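Colleague: For reference, the structure I am asking about is given below.
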């Protein structure tokens, strides 16, 4: 398999407990990377996510001997995709799950990645992420949750 020579402008991830986004942001800051890390919250309000991400990322970097400083404006979290609640499929998330399954053969879950992909789709549709920008979507797993909702893929 060959490597793709592309520099992403965005890394997009579902944000629940905020650990994944914190690690990605800490790594980007330590390495001086130019890409932006966008989290789509699936369980918490944005201010709580921002506080947690700043704390976790700062502590993670400190633990590896690379202290960083983060401000709220360094943390990007979008809301509006939780739907009826954590762990409950949302209509936008189900639409995103079906779209990716049909067009890419990629299965997302209704708790995390389906909602995060719905957020990414909205970011692109709104123009906040350009159609020509390179985006890495972090698929954090969770496909077994589809078995609890078999009608999603019908």
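The values are calculated or read from the model by the stated rules, or taken from the named source; none is laboratory data. Nothing here was measured: the structure is a model prediction, and the numbers come from that model. Because the Cβ atoms are built from the backbone with ideal geometry, glycine has one as well, and the counts that use them run over all protein chains shown.
Colleague: Across region 3-41, what is the total count of residues that are part of a loop (DSSP other than H, G, I, E, B) and within 25 Å of residue 108 (Cα to Cα)?
Modeller: Here the count works out to 10.
Colleague: Of the residues that make up region 123-130, is at least one in a loop (DSSP other than H, G, I, E, B) and either touching a helix residue (DSSP H, G or I) at 6+ places or on another chain (Cβ under 7 Å) or surrounded by 20 or more Cβ atoms within 10 Å (Cβ to Cβ) (or both)?
Modeller: Yes: one or more hits.
Colleague: While we're here: I'm checking my understanding of the structure. Among residues of region 131-154 that are surrounded by 12 or more Cβ atoms within 10 Å (Cβ to Cβ) and part of a helix (DSSP H, G or I), which one is modelled with the highest pLDDT?
Modeller: This residue is 152.
Colleague: If you scan region 71-81, which residues turn out to be outside any helix (DSSP H, G or I), surrounded by fewer than 19 Cβ atoms within 10 Å (Cβ to Cβ) and under 16 Å from the mean Cα position of the chain (by Cα)?
Modeller: The answer is 79, 80.
Colleague: Also: So residue 101 passes all but one of these: (1) assigned to a loop (DSSP other than H, G, I, E, B); (2) modelled with pLDDT under 95. Which condition number does it fail?
Modeller: (1)
Colleague: Given the criteria in contact with a helix residue (DSSP H, G or I) (Cβ under 6 Å, 6 or more places away or on another chain) and either surrounded by 15 or more Cβ atoms within 10 Å (Cβ to Cβ) or at pLDDT 95 or above (or both), does residue 117 qualify? First the steps, then the outcome.
Modeller: Numbers: in contact with a helix residue (DSSP H, G or I) (Cβ under 6 Å, 6 or more places away or on another chain): yes; either surrounded by 15 or more Cβ atoms within 10 Å (Cβ to Cβ) or at pLDDT 95 or above (or both): yes.
Criteria met by residue 117.
Colleague: Where residues in region 47-70 are in contact (Cβ under 8 Å) with a residue 12 or more places away in the chain and farther than 15 Å from residue 21 by Cβ, which of them is surrounded by the fewest Cβ atoms within 10 Å (Cβ to Cβ)?
Modeller: In this case the residue turns out to be 64.
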